[in-house]
Amino acid sequence: MIEAKNLNLYYGSFQALKDISMKVPEKSVTALIGPSGCGKSTFLRTFNRMNDLIAGVKIEGDIIVDDMNIYAKGVDVDSLRKRIGMVFQKPNPFAKSIYENVAYGMRVNGVNDEKLIKQTVEESLKQAALWDEVKDNLKKSAYALSGGQQQRLCIARALAVEPTILLMDEPASALDPISTSKIEELIHELKKNYTILIVTHNMQQAARVSDHTAFFYMGSLIEFNETKTIFTNPENQQTQNYVTGRFG
Amino acid sequence: MKGRTKKRVAELIAFNLFRIMSASIVLVLFSILAFIVVRGIGVISWDFISKMPEEGMTKGGIWPAIVGTMCLVAGSMLFAFPVGVLSGIYINEFVKDNWFKRFVKLMTNNLAGVPSIVFGLFGMSLFVNTLGFGDSIIAGSLTLGLLALPVIIRTTEESLKSIDKYHREGSYALGATKIQTIRRVVLPLAMPNIITGFILSIGRVSGETAPILFTVAAYFLPKLPSSMFDQVMALPYHLYVLSTSGTDMEASRNMAYGTALVLILIVLILNLLANFTRRFLNKKIKQ
């Protein structure tokens, strides 16, 4: 159960998110769309408190994850981030071997059992549909992989710490069409077990992969509904204009 | 059409001018090297490298000076490298961007601009006298270390700054703490560049004369050090002695060039070694 309640976010004096309330459906894919600078990425990053890293950010309101307000005092941000995986716009594997990239999350969280790590690495790579391509080269540097493979490695890396939620910030925007379709297939598979939030610039992609879509404009949540409804019969005129390509 | 030709000609002139400038820099370096090699190669022999100076430093070898310089390079780096890298990490990763950080950075730059003879006087006053180390390897190493600190701090800082924020975020997103992220993700990526700063410092430290003048260097000491509280001879100072205040300057002229050649070779070898390490680390990252 994930929910944003009256969320406001400020970068200094600039308000980037305005009074956003939204319940994210579980074990399905929710797409966040909107023109550049509308706040969709900022909103995504509030769920694992990634915005904490930016100086001068102020947040009001609540984000509830599994009945807990993650912005309450005394929340352990590190263990929160372990439960909420994130995949970034640019593939960002570490300067380590393929195996160690996937093992990293476990190691920093204190797992020492090498057998368990090995097993989880294999499972995660299988889940990310990368195992068959890399199983003979696990010791090779992650940088030897193609961009699409690197992004699937980053997904495997996120899965290895067993999150329940996956945040994806334009995960395919730096990839070629074939790699993109592989990532999309993967998202389709993963939603059986994970709640997925995905930011995308590509409206076809939102239509293809998501069950629900939220349209953001100038820091406000304009409309949130089933993806089919958003793309065929939106309630709001601005949503209509955006999805039909009249602006953005 | 005519304007175009004119532009082409101007471009050609400019390019060639730059080319000549770059070539002349290489030429200067090569002339210095050639000059020293030609004058110094004659005295280079196994005895010159492995023996003690004899007959008022006009005969024999420079072995104690070689050992002394090695001790000082090792000692100063043992002190300056960890301190410098840790300060660089602290300044770049832990201090918020405020007046204090800017002040520390400004002061680091100022420290780099302090003349080396001032470091020498400071080292004498603090390490030799106040702390009572006397003229010793430890006093000289610490003085040289202070001199090398700003370069190491700055290169560490710059190499950390150049690491893409995506790498840090990727680590944080998996629940890693700040220290874990720096140690396991950021530092390995920054290491090749940090090593570059280390190389530069080694070159500088091994050639400095002024800071060791009052803190460690011996005019003539035909024995090897047995502890870090001993005085040593050092190549740059030995070179200075041979060319300005030796017992018989004419007789030791060639010895001076030989000493210079050995000093340059040592710096070259250390640089190559460090360069090799940097390449090795870079390669390890990339494959």
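The values are calculated or read from the model by the stated rules, or taken from the named source; none is laboratory data. Here the structure is a predicted model, which means the values were calculated and not measured. All Cβ positions, even for glycine, are placed from backbone atoms using ideal geometry, and neighbour counts span all protein chains on display. Accessible surface areas use protein heavy atoms only, side chains included; no ligands, DNA or RNA. Shrake-Rupley method; radii C 1.70, N 1.55, O 1.52, S 1.80 Å.
Taking the charge dipole of segment B:1-40 about its Cα centre, with +1 at Lys and Arg Cβ atoms and -1 at Asp and Glu Cβ atoms, the residue from B:A34, B:A10, B:S24 reaching farthest to the positive side is B:A10.
Derived scalar couplings between HN and Hα for segment A:90-104 equal 9, x, 10, x, 7, 6, 9, 5, 4, 4, 5, 4, 6, 6, 3 Hz in order, rounded to whole Hz, by the Karplus curve 6.51 cos²θ - 1.76 cosθ + 1.60 (θ = phi - 60°), x for Gly and Pro.
Interface residues of segment A:85-99, defined as those with an accessible-area decrease of at least 40 Å² between the chain by itself and the complete set of protein chains (probe 1.4 Å), are A:F88, A:K90, A:N92, A:F94, A:A95.
Per residue, the accessible area of the protein assembly as shown comes to 49 Å² when a 1.4 Å probe rolls over the protein heavy atoms.
Short-range pairs are left out: with C-alpha atoms under 8 Å and at least six residues apart, the relative contact order of chain A is 28 percent. Taken along its three principal axes, the alpha carbon spread of the protein assembly as shown comes to 101, 71, 52 Å, from the longest extent down to the shortest. Cross-link pairs exceeding 32 Å between alpha carbons, from the set A:K135/B:K96; A:K23/A:K140; A:K139/A:K191; A:K140/B:K165: A:K135/B:K96; A:K23/A:K140.
Suppose every Lys and Arg Cβ carries +1 and every Asp and Glu Cβ carries -1, with no other charges. What dipole size does segment A:127-219 come out with about its Cα centre, to the nearest 20 debye?
180
I need the GluC sites (Glu not before Pro) found in segment A:1-61, filtered to DSSP loop residues with at most 15 other beta carbons within 10 Å of theirs.
Loop-located and lightly packed - A:E26.
Pairs of Cα atoms nearer than 8 Å and 6+ residues apart set the relative contact order; for segment B:46-286 it is 28 percent. Between A:A16 and A:L9, A:Y10, A:Y11, the built amide H atoms are under 5 Å apart, and every one of these is 5 or more places off in sequence or on another chain. Need the per-residue list for segment B:162-207: every residue with at least 50 Å² less accessible surface in the complex of protein chains than in the chain by itself, probe 1.4 Å, sorted by number. When all protein chains are present, B:Y166, B:H167, B:E169, B:Y172, B:A173, B:L174, B:G175, B:R184 each give up 50 Å² or more of accessible surface.
Roughly speaking, to the nearest percent, how much of chain B's 1.4 Å accessible area is carbon and sulfur?
Details: 10620 of 15330 Å².
The computed percentage sits at 69.
Projecting the Cα atoms of A:Y242, B:F48, A:I59 onto the charge dipole of the protein assembly as shown (Cβ charges, centred on the Cα centre) puts A:Y242 farthest toward the positive pole. Among the trypsin sites (Lys or Arg not before Pro) in segment B:48-154, those located in a DSSP loop and surrounded by at most 11 other Cβ atoms within 10 Å of their own Cβ are B:K96. Couplings 3J(HN,Hα) for segment A:150-160, derived from phi with the Karplus relation 6.51 cos²θ - 1.76 cosθ + 1.60 (θ = phi - 60°), are 4, 5, 5, 4, 5, 5, 4, 4, 5, 5, 5 Hz, where x marks Gly and Pro.
Using a 1.4 Å probe over protein heavy atoms, the accessible area lost on pairing B with A, summed over both chains, comes to approximately 2100 Å². Derived scalar couplings between HN and Hα for segment B:210-222 equal 4, x, 9, 3, 9, 10, 8, 5, 9, 5, 8, 8, x Hz in order, rounded to whole Hz, by the Karplus curve 6.51 cos²θ - 1.76 cosθ + 1.60 (θ = phi - 60°), x for Gly and Pro. Taking the Cα centre of the protein assembly as shown as reference, the dipole from Cβ charges on Lys and Arg (+1) and Asp and Glu (-1) amounts to some 1240 debye.
Shape class of chain B from the alpha-carbon gyration tensor: oblate, with a/c at 1.5 or above and b/c at least as large as a/b. Taken about its Cα centre, segment B:1-148 carries a charge dipole of roughly 1320 debye when the Cβ of each Lys and Arg holds +1 and the Cβ of each Asp and Glu holds -1. Distance from the Cα centre of segment B:37-65 to that of segment B:160-229, in angstrom? Here the answer is 33 Å between Cα centres.
Of the residues B:Y237, B:V205, B:T277, the one whose Cα sits farthest towards the positive end of the charge dipole of chain B is B:T277 (charges of +1 on Lys and Arg Cβ, -1 on Asp and Glu Cβ, taken about the Cα centre).
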